[in-house]
Amino acid sequence: MNTGYPIDSDTLGNLRPQSDVVFSIGSNQGDSLQLLQDAVDRLAETPNLTIVAVSPVYRTVPVDAPAQPDFYNLVVLAETTLEPMTLLQRALAIEEAYGRVRTIPHGPRTLDIDLVKVGRRTSDTPELRLPHPEASRRAFVLAPWLDVEPDAQLPQGRVADILRGIDTSGLTLLPDVRISL
């Protein structure tokens, strides 16, 4: 029976639905562009996670944050059969491996990997909120996401429509900078 949903099986042959995943990645410490590349590479090494697209890179003025360097941001689209909590744990492990320190709220960071969306899954726990509750207010998430998924949706509506309604003045596309798959 064909359900129309992509499926995968684990080592025991249990079938699991495949979900589209959106990650937002940023850095403003160290060699940020290399750190973005490393983050994409580490995500690509994750079993049962396939990178589908990597957005262009944007330079972003920090929002609601103490004085610090501009961020470099991108969005990664992937497909997976992994559970959202597993994806979050992987993102946190990559951040930690690259020296992420959480001492100043909204402070500088080597890597920030946010899990924005996992299919139609929702979560509202202290550890994981899906879709990411700030995504609809962050141009540095919406603009690169729109570049790689023009029909992207959040519960608040089409990403293209949401982006038109928020401030994008601190966002600069870097057309000559590319992070590879």
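The values are calculated or read from the model by the stated rules, or taken from the named source; none is laboratory data. Only a predicted model underlies this, so the values are computations on that prediction, with no experimental measurement involved. Here Cβ is always computed from backbone atoms with ideal geometry, including for glycine, and neighbour counts include all displayed protein chains. When the accessible area is computed, the model is the full protein with side chains, heavy atoms only, and any ligands, DNA or RNA have been set aside. Shrake-Rupley method; radii C 1.70, N 1.55, O 1.52, S 1.80 Å.
Within the range 60-96, take every residue that is open to solvent by 60 Å² or more (accessible area, probe 1.4 Å) and hydrophobic (A, V, I, L, M, F, W, C) and give me the one that is farthest from Ala143 (Cα to Cα). Once the filter is applied, the top-ranked residue is Met85. Remark: Gln29 falls outside the filter, which requires a residue to be touching a Phe, Trp or Tyr at 6+ places or on another chain (Cβ under 8 Å) and surrounded by 16 or more Cβ atoms within 10 Å (Cβ to Cβ).
I'd like to check something: does the range 153-160 contain any residue that is surrounded by 15 or more Cβ atoms within 10 Å (Cβ to Cβ) and under 30 Å from Gly30 (Cα atoms)? Checking the range 153-160: not a single residue is surrounded by 15 or more Cβ atoms within 10 Å (Cβ to Cβ) and under 30 Å from Gly30 (Cα atoms). Checked against the criterion of being over 18 Å from Val40 (Cβ atoms) and in contact with an Asp or Glu (Cβ under 9 Å, 6 or more places away or on another chain), the candidates Thr110, Thr172 yield just one match: Thr172. Val22 satisfies every condition listed in (1) touching a residue at least 24 places away in the same chain (Cβ under 8 Å); (2) open to solvent by 10 Å² or more (accessible area, probe 1.4 Å); (3) aliphatic (A, V, I, L, M) except (2).
What's the number of the condition His132 fails, among (1) assigned to a loop (DSSP other than H, G, I, E, B); (2) loosely packed, with under 14 Cβ neighbours inside 10 Å? The number of the failed condition is (2). Scoring Ala143 on the criteria (1) of a type outside the set (D, E, K, R); (2) in contact (Cβ under 8 Å) with a residue 24 or more places away in the chain; (3) open to solvent by 30 Å² or more (accessible area, probe 1.4 Å) leaves a single failure, condition (3). For the range 103-129, filtered to residues that are in contact with a strand residue (DSSP E or B) (Cβ under 9 Å, 6 or more places away or on another chain) and among the small types (Gly, Ala, Ser), the residue that is surrounded by the fewest Cβ atoms within 10 Å (Cβ to Cβ) is Ser123. For first residues located in the range 88-108 and among the β-branched types (Val, Ile, Thr), partners that are loosely packed, with under 12 Cβ neighbours inside 10 Å and part of a loop (DSSP other than H, G, I, E, B) and lie 6+ apart or on another chain with Cβ distances below 9 Å form the pairs Ile104/Pro66. When Asp147, Asp161, Asp151 are screened for being part of a loop (DSSP other than H, G, I, E, B) and either in contact with a Lys or Arg (Cβ under 7 Å, 6 or more places away or on another chain) or modelled with pLDDT of 95 or more (or both), only Asp151 passes. Among the residues of the range 146-181, those identified as in contact (Cβ under 8 Å) with a residue 12 or more places away in the chain and among the charged types (D, E, K, R) are Asp147, Glu149, Asp167, Arg178.
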